[in-house]
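Participant: I'd like to ask you about the structure that follows.
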Amino acid sequence: MTTPQQPPKTQAAIIKAHLMTGQTIDIWQSIHEYHITALSQRIGGLKRKGLPVKSVMVKENGKRFARYWLDTAAINKADEVNAHE
């Protein structure tokens, strides 16, 4: 008996799903949790598709990097759109 397999999620889809939970993400978390090393490129792609991703530069342990998130309003709007599909 075989079970239908879902196609693997793209890196952008993984990052979007993470952001839609209301959590932030940075490069270190992206690498550690998802093995995605090109976070800024994936975020850029999501922004080009209209997702209003926000960011701030942070410095921790002498390293500067961006931390990304979605405002609650953007998450709620996306949830409303998905509910009507």
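Participant: Just to be sure I understand, how many residues within segment 48-78 are at positive phi and within 16 Å of the chain's Cα centre (by Cα)?
Facilitator: Residues of segment 48-78 that are at positive phi, as a first pass: 50, 61-62.
Filter again for within 16 Å of the chain's Cα centre (by Cα), leaving 50.
Summing the residues that are at positive phi and within 16 Å of the chain's Cα centre (by Cα) in segment 48-78 gives 1.
Participant: Please return the ranges of helices (runs of 4 or more DSSP H) entirely within the chain where 3 or more residues are modelled with pLDDT under 95. Give the derivation first.
Facilitator: Values: elements: 11-20, 27-34, 39-48, 72-83.
Filter on the chain gives 72-83.
Participant: Sticking with this structure for a sec: Could you pull out the residue among 11, 41, 29 that is touching a helix residue (DSSP H, G or I) at 6+ places or on another chain (Cβ under 9 Å), of a type in the set (S, T, N, Q) and in contact (Cβ under 8 Å) with a residue 24 or more places away in the chain?
Facilitator: Numbers: 41 fails: in contact (Cβ under 8 Å) with a residue 24 or more places away in the chain; 29 fails: in contact (Cβ under 8 Å) with a residue 24 or more places away in the chain.
On inspection, the qualifying residue turns out to be 11.
The values are calculated or read from the model by the stated rules, or taken from the named source; none is laboratory data. Computed from a prediction, not measured in an experiment: that's the story for all the values here. All Cβ positions, glycine included, derive from the backbone under ideal geometry; neighbour counts span all protein chains shown.
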